[in-house]
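The values are calculated or read from the model by the stated rules, or taken from the named source; none is laboratory data. Only a predicted model underlies this, so the values are computations on that prediction, with no experimental measurement involved. Note that we place each Cβ from the backbone using ideal geometry, even for glycine, and neighbour counts take in every protein chain shown. Please note that ligands, DNA and RNA were not included when accessible areas were found on the heavy atoms of the full protein model with its side chains. Shrake-Rupley method; radii C 1.70, N 1.55, O 1.52, S 1.80 Å.
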Amino acid sequence: MQIILDTKSFATLEADALVTYLFDESDPVLGRIAELDKLSGGLLARLAKSGEITGKNLEFTLVHAPAGLKTARLLLVGAGKRDQFNPGSLRKVAGAALRYLKSRSVHKVALLLHESELNEYAAQSVTEGVLAADFESDKYKTDKKNDKFIEAFAIAGFTDAQKSAGEKGISRGRSIAEAQNFARDLVNEPSNKLTPRILAAKAEAMAKEAGLSVEILDEKRIADLKMGALLSVAQGGPEPPRMIVVTYTPATPKPGAPVIGLVGKAVTFDTRGISIKPSEGMEKMKYDMAGGATMLGVMRALAALKPSVKVICVVPATENMPGGTAQKPGDIQTAMSGKTIEVLNTDAEGRLILADGVHYAKQLGATHLVDAATLTGAIVVALANVNVGVFGSDQAWTDKLLASAKAAGEKMWQMPLDDEYREFIKGSFADIQNIGSGKGGGAITGAMFIKEFAGDTPWIHLDIAGTAWNDDAKPWLAKGPTGVALRTLVQLVTSL
Ligand code: BES
Ligand code: MN
Ligand code: ZN
């Protein structure tokens, strides 16, 4: 899809549909809407008066053959209360408008921004919103809806003087959204089409194309490096594990600058191992590599945006299978760090592979860590599919991430990591155990376990089990993978 900045006056814009948005307030016919109302001979004021347009969030009103405009349609989208409107709302409005029009076989769209949104960030939000909205999870459908596509999307309202700022926003937004869709594509792949080896090959191809350095550790190197926690998960099935390492190095590295380590859980399928549970919903567990996909997507975006800090991305990849060689409850494993682990539940496998991933990222020189993982069902209980769970060992580092989440329009909520929870994972026969012995706090004990391996290095854990997958389509996003946390992490790294 082509995205352009159009500086023509909106009365003369040619498109199949002109889109704009209005706010939920006593008189929604203000500013841009008033300008359009004048052109259309008072049509919008009449619609508002009759109660047909109210500005309520994501209310759609489609007007055909609007008077005074060159476009065949005018789509008015409710943007909710004006004081709650932010770049995140604009992203959703733009994305929802795209999906609404796409499903009606409209091909050329122009979105008219209001005066207050004629800047780089708004153009970026719109670009991110429409490219993410355009993504469909239909790769394996042979009957693709070929007449449903948006060919060109124009962002309108900018003057010639504002044009370069807008175009900068479009370019940045495109880098981020394409990386997010790359991650979503990986998550959509079923486990028979995305084994750890295939994921590694895809990561390698992405890195080479983007100009990033990449190293794939095979099962032999993984064993040589004594990554016993990762190996213990992989031993349950015939697919060998991989440790994927992708590195971005800035052109002029600053001495003393932080080195960011991004570690992502990539369990390409989680059967739960020997601690197997009922099969209902198990098909969704192909998304158990979403943390790894997000981190690879972040690297792809960073290669284009060229931040000034070095970033090392480490993705442990394996299946979690219940085969005859699988580890069994009670088994004791030695992680790469030397710590011994009692595996009381083979379904708590994410933290095992992250233990070695986090330790390895530190060994490669990371001074600040972030991990992302579909780690626990407990985070879904705590925060549902609304917020990402954030756990941090260093409040200054965590505050930076939370500020980045706010700027990127992703909902994240900090959870506690008090020392009291350390007791929950104290081992009886080894140093630590992989599930909590206390009652409740399942997402926290999972985080506490990973923290053991981060040690004194500032570290953040993002539990994306509730947010990485949309069980139902949203007006602005297809059903399936969301690519959550990618925008926040790109914002975090580029702001350092
Ligand atoms: N991949 C799952 C987490 C998960 C569960 C994501 C349900 C989405 C929905 C993870 O490997 C897991 O199984 N975690 C266990 C941990 C428990 C055994 C301590 C869980 O949450 O049930
Ligand atoms: Mn599991
Ligand atoms: Zn898992």
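Here are some notes:
- Nearest-ten-degree value, helix 163-188 long axis tilted from longest Cα axis of the chain: 40
- Cβ-placed point charges (K, R +1; D, E -1), dipole of the chain about Cα centre in debye, nearest 20: 800
- Fraction of accessible area attributable to carbon and sulfur, the chain (%, probe 1.4 Å): 51
- Loop-resident sites, the stretch 113-146, for chymotrypsin sites (Phe, Trp or Tyr not before Pro), counting at most 11 other Cβ within 10 Å (DSSP): 140
- Partners for residue 56 among aspartates and glutamates (Cα-Cα distance below 17 Å; same-chain residues under 8 apart left out): 24, 25, 27, 83
- Estimated FRET transfer efficiency when R0 is 25 angstrom, pair residue 276-residue 471 (beta carbons, to 0.05): 0.65
- Partners for residue 277 among lysines (Cα-Cα distance below 23 Å; same-chain residues under 8 apart left out): 265, 286, 328, 439
- Charged side chains reduced to their Cβ positions (Lys and Arg at +1, Asp and Glu at -1) give the stretch 35-96 a dipole of some 80 debye around its Cα centre.
- Gain in span if fully extended, residue 7 to residue 165, counting 0.36 nm per residue against the direct Cα distance: 55.6 nm
- Label-to-label distance, residue 429 versus residue 220, with points set 7 angstrom from Cα along the beta-carbon direction: 3.4 nm.
- Simple label model, 7 Å out from Cα along Cβ direction - residue 141 to residue 479, nm: 1.0
- The Rg/Rh ratio of the stretch 210-344, with Rg taken over Cα atoms and Rh as the Kirkwood radius over Cα pairs, comes to 1.04.
- Checking every one of the chymotrypsin sites (Phe, Trp or Tyr not before Pro) in the stretch 377-437 against DSSP loop status and a limit of 11 other Cβ atoms within 10 Å picks out 429.
- Of all DSSP beta bridges in the chain, antiparallel share, percent nearest 5: 40
- Here the relative contact order of the chain, from alpha carbon pairs under 8 Å that lie six or more residues apart, stands at 15 percent.
- Accessible area of the stretch 74-136 divided out per residue, in Å², using a probe of 1.4 angstrom: 32
- Average silhouette area of the chain, convex hull of alpha-carbon atoms, in square nanometres: 24.2
- When the C-alpha to C-alpha distance is required to be over 20 Å, the pairs from 102/139; 411/474; 254/306; 306/411 that qualify are 306/411.
- Residue-span extension gain [residue 456 to residue 254] - 0.36 nm each, minus C-alpha spacing: 70.4 nm
- Rounded to the nearest whole Hz, the Karplus-based 3J(HN,Hα) values (6.51 cos²θ - 1.76 cosθ + 1.60, θ = phi - 60°) of the stretch 479-490 follow the sequence 4, x, x, 9, x, 4, 5, 4, 4, 4, 6, 5, with x at glycine and proline.
- Each peptide in 327-334, 466-473 gets a packing score, the mean of other Cβ atoms within 10 Å over its residues, and the list from highest to lowest is 466-473, 327-334.
- Listed residue pairs exceeding 21 Å between alpha carbons, taken from 226/339; 38/70; 284/451; 148/479: 284/451
- For the stretch 237-362, share of DSSP beta bridges that run antiparallel, in % to the nearest 5: 55
- With the helix formula -39500 (n - 2.57) applied to DSSP H stretches of n ≥ 4, the chain reaches a computed 222 nm mean residue ellipticity of -11000 deg cm²/dmol.
- Taking a ≥ b ≥ c as the square roots of the eigenvalues of the Cα gyration tensor, an a/c ratio of 1.5 or more together with a/b no larger than b/c marks the stretch 396-494 as oblate.
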